[in-house]
Amino acid sequence: MSISGPATGGLLLCRAEPLAVRSPAHLLRVRLLLAPAGAWTVLVPEDKPWLTGGKSAAEVISGWGSAVAARTDRPVLGLWWEGGRAGFSLAGGFRRTVVQEWDAAGRPSGDPGAMRTLAARLGLDPVLDLEELERLTRPDAGPGGDGPARLRALAALLTRAGLAVPPGLAPGEAADRLRASARMAPGAEALEWSGRRDALRARRDAVEAGPLGPWLRGPKARRLGAAQVAAGAPLLLWAARRRSPAWATAGACLLAQGALSLAYDRARAGNQGACGGSGADRARP
């Protein structure tokens, strides 16, 4: 009879919709499963990188969380459990990452004020919710006592912040079981890395999904491009008649920028129609 030790695993909870998370997660260059989780998005590793990369589950999940948070500028909570230990890391854009851990006996360690920072960044009640969070850091309190149980209690409390984790994605589950549950989650999709082309596509989608997106393609981009062409062409002709190199350069730049903007928008629309487009493509009008 085989005796298995404590389960090892981890997942990321990103406080953003899948569209905002997809491209930053893709740039991690690892195989992940992505699924909606209420007002959040959950990311589950397809593989077990802590077995081959020389890093612990805590290091892997925390590193991924910091990378995704930096690219989305949204809070990312990394949950991990390994060898009876468990914990979380909270990353938020370029803010300092805070960490809370528990050993196999449920004894807490980590950053002082980690729960206070968590409550503040997620907009939880600074009195009632914070009191429940801080109770999880007491050695003699908390449900069940061990780390995974306290992570499950944390996930339950975060439902007040819009988190709705799909069934089966509970902290403390074995990585294989976690992956199987993620594949069955409503709206789940696989993110796979296949080289430089995916990197360029992910970066492009991330830019288009950001604040500059409407000016790169879509109605606003088309209006801006048409206005640049309409202004640049007559300015270039007027500068040629007046033999003004400075104004001719300005007119040529406006004309070229407008023409490139219109061509880019048309090309992206054509790609979207031909192959269905990415998530960012489908969301762009």
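Odds and ends about this structure:
- Shape call, the stretch 21-135: gyration tensor on alpha carbons, a/c limit 1.5: oblate
- Calculated FRET value between residue 116 and residue 19, using beta carbons and R₀ = 25 Å, to 0.05: 0.20
- Under the simplified labelling scheme, the residue 131-residue 233 pair shows an inter-label distance of 7.0 nm, with each label point 7 Å from Cα along Cα→Cβ.
- Rh by Kirkwood over Cα pairs, then Stokes-Einstein D for the stretch 53-96 at 0.890 mPa s and 25 °C, µm²/s: 233
- Förster radius 35 Å - calculated FRET efficiency between residue 94 and residue 263 (Cβ-Cβ, nearest 0.05): 0.50
Any read-out appearing in this document is the output of simple, stated calculations on the displayed coordinates, not a laboratory observation. Just so you know, these numbers come straight off a predicted model, no measurement behind them. When we count neighbours, we look across all protein chains shown, and the Cβ atoms used for this are built from the backbone with ideal geometry, even at glycine.
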